[in-house]
Amino acid sequence: MSQFILDVTQENFTDVVLSNSHKGPVMVNYWSKNAGPCLRLWPVLEKLANDYAGQFLLVNINTDKNRQLAHDYGVTSVPAVKLFINGEVVEQIYGYDSADSFKKMLDKYLARESDKMLAAAVADYQQGNKQSAFDHLNKLVFIDPENNRIFLTYAKLLMREQAYQQAFDLLEKTPLREESDEAVVLMTNAIFLATQQTSEAVDKLEEALEHKQSINKLFQLCSYKMLESDYSSAMNLLLGIIRQDRNWNNQLASLCMHGLFIMLGKDDERVQTYRQRLLELNNPGN
């Protein structure tokens with residue numbers, strides 16, 4: 001077996017998986033010799049570990065012999081592959097999948113050559129060389145468009161410069177809108193801040209609330225409610241926009257609702273309430 005691949009039991013799980021995951025990614029393959037998909041998946045994972053040559057550690061757990069380990073991490077069927085970073089599961093894939101799917105999962109967390117250039121751009125910004133920093137970032141998005149860290153960092157720096165609309169537009173052009181909670185939260189905050197920069201005064205918007213308003217004005221009022229931390233009112237306004245036209249502005253209201261859900265957390269009562277209202281709106285017959 002390759003030096004980049006280890007077998008793990010209950011006795012050495014903490015040392016091999018959890019401790020090593022603080023040094024780099026650890027991919028855990030839960031498998032059984034009686035499951036055909038596990039046998040099909042194994043050559044894919046083995047080749048991946050050897051191709052990446054130590055950039056991540058591949059760990060195998062035989063669930064027939066280590067049922068408690070499988071139970072501890074909610075594995076009820078195999079194959080199941082979980083990626084550990086800093087002691088936590090950050091990604092998982094159930095069932096047989098292609099090498100490309102595992103590469104995509106891994107590449108989010110592995111250092112890339114462009115990360116060195118990104119670090120240099122951030123250093124420029126911190127030293128006050130802002131124009132140089134943004135020039136480098138503009139080049140990086142073309143040099144390595146698959147490095148999500150570039151787009152997220154670029155957007156954060158734009159927001160520090162109060163270029164909120166530019167930050168939103170940057171992220172909207174990437175798949176991060178669908179793939180990254182961090183990006184959704186950034187986009188939500190960016191578009192609310194950008195909207196407030198150009199919106200009417202809040203008192204005028206509230207005066208007109210009793211009358212039928214355009215969706216644009218409803219969203220402007222929503223931005224004020226959001227930035228006042230009146231999240232219930234903000235979500236209520238977003239729900240009204242979705243009810244009128246869920247596709248308005250590339251489903252912007254749905255994106256912002258999702259962003260608020262993430263910010264408040266799944267256990268927040270307001271999230272539970274508005275998630276249910278959104279579900280009822282999307283499934284009126286149920």
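If you check G259 against the conditions, is it touching a Ser or Thr at 6+ places or on another chain (Cβ under 8 Å), small (G, A, S) and outside the structural domain of R160 (by TED's automatic domain parsing)?
yes
Does L264 satisfy the condition of being surrounded by 15 or more Cβ atoms within 10 Å (Cβ to Cβ), over 18 Å from E172 (Cα atoms) and touching a residue at least 12 places away in the same chain (Cβ under 8 Å)?
Yes.
Of the residues in region 18-61, how many are among the acidic types (D, E) and within 16 Å of A111 (Cα to Cα)?
1
Quick one: how many residues across region 125-178 are basic (K, R) and within 19 Å of T195 (Cα to Cα)?
Within region 125-178, residues that are basic (K, R) and within 19 Å of T195 (Cα to Cα) number 4.
Over 11 Å from M27 (Cβ atoms) and at pLDDT 95 or above: which single residue out of N50, N62, N86 fits that description?
Numbers: N50 fails: at pLDDT 95 or above; N86 fails: at pLDDT 95 or above.
Testing whether each residue is over 11 Å from M27 (Cβ atoms) and at pLDDT 95 or above leaves just N62.
Here are L57, L39: which of them is hydrophobic (A, V, I, L, M, F, W, C) and either under 26 Å from E113 (Cα atoms) or in the same structural domain as D181 (by TED's automatic domain parsing) (or both)?
Numbers: L39 fails: either under 26 Å from E113 (Cα atoms) or in the same structural domain as D181 (by TED's automatic domain parsing) (or both).
None of the other options fit; the residue is L57.
Can you list residue pairs whose Cβ atoms sit under 9 Å apart, with the first residue in region 11-27 being in contact (Cβ under 8 Å) with a residue 60 or more places away in the chain and the second being in a helix (DSSP H, G or I)? Count only pairs 6 or more apart in sequence or on different chains.
Short answer, once both residue conditions are applied: P25/L106; M27/L45; M27/L48; M27/A49; M27/F102; M27/M105; M27/L106.
S223 passes all but one of (1) in contact with a Ser or Thr (Cβ under 6 Å, 6 or more places away or on another chain); (2) outside any helix (DSSP H, G or I); which number fails?
S223 satisfies all of (1) in contact with a Ser or Thr (Cβ under 6 Å, 6 or more places away or on another chain); (2) outside any helix (DSSP H, G or I) except (2).
Please find, among A123, A80, A119, A99, the residue that is surrounded by fewer than 17 Cβ atoms within 10 Å (Cβ to Cβ), in the same structural domain as Q55 (by TED's automatic domain parsing) and of a type in the set (A, V, I, L, M).
From the options A123, A80, A119, A99, the qualifying one is A99.
Give region 235-260 a look and list any residue that's in contact (Cβ under 8 Å) with a residue 40 or more places away in the chain and within 20 Å of L193 (Cβ to Cβ), or say none.
N250, L252, L255, C256, H258, G259, L260
Please work out if A121 is closer than 30 Å to G36 by Cβ and either touching a residue at least 12 places away in the same chain (Cβ under 8 Å) or in contact with a His (Cβ under 8 Å, 6 or more places away or on another chain) (or both).
Considered against the rule, which asks whether it is closer than 30 Å to G36 by Cβ and either touching a residue at least 12 places away in the same chain (Cβ under 8 Å) or in contact with a His (Cβ under 8 Å, 6 or more places away or on another chain) (or both), A121 comes out as no.
Kindly list, by first and then second residue, each pair from a residue in region 156-178 that is without any contact (Cβ under 8 Å) to a residue 12 or more places away in the chain to a residue that is surrounded by 15 or more Cβ atoms within 10 Å (Cβ to Cβ), limited to pairs with Cβ atoms under 6 Å and residues at least 6 apart or on different chains.
Pairs found: Q166/L158.
Out of N247, N216, which single residue is out of contact with any helix residue (DSSP H, G or I) (no Cβ under 6 Å at 6 or more places or on another chain) and either among the hydrophobic types (A, V, I, L, M, F, W, C) or at pLDDT 90 or above (or both)?
Step by step, each of N247, N216 is checked, and only N247 is out of contact with any helix residue (DSSP H, G or I) (no Cβ under 6 Å at 6 or more places or on another chain) and either among the hydrophobic types (A, V, I, L, M, F, W, C) or at pLDDT 90 or above (or both).
The values are calculated or read from the model by the stated rules, or taken from the named source; none is laboratory data. Remember, it's a predicted structure, so these values are computed and weren't measured experimentally. Please note: Cβ atoms are built from the backbone with ideal geometry, for glycine as well, and neighbour counts cover all protein chains shown.
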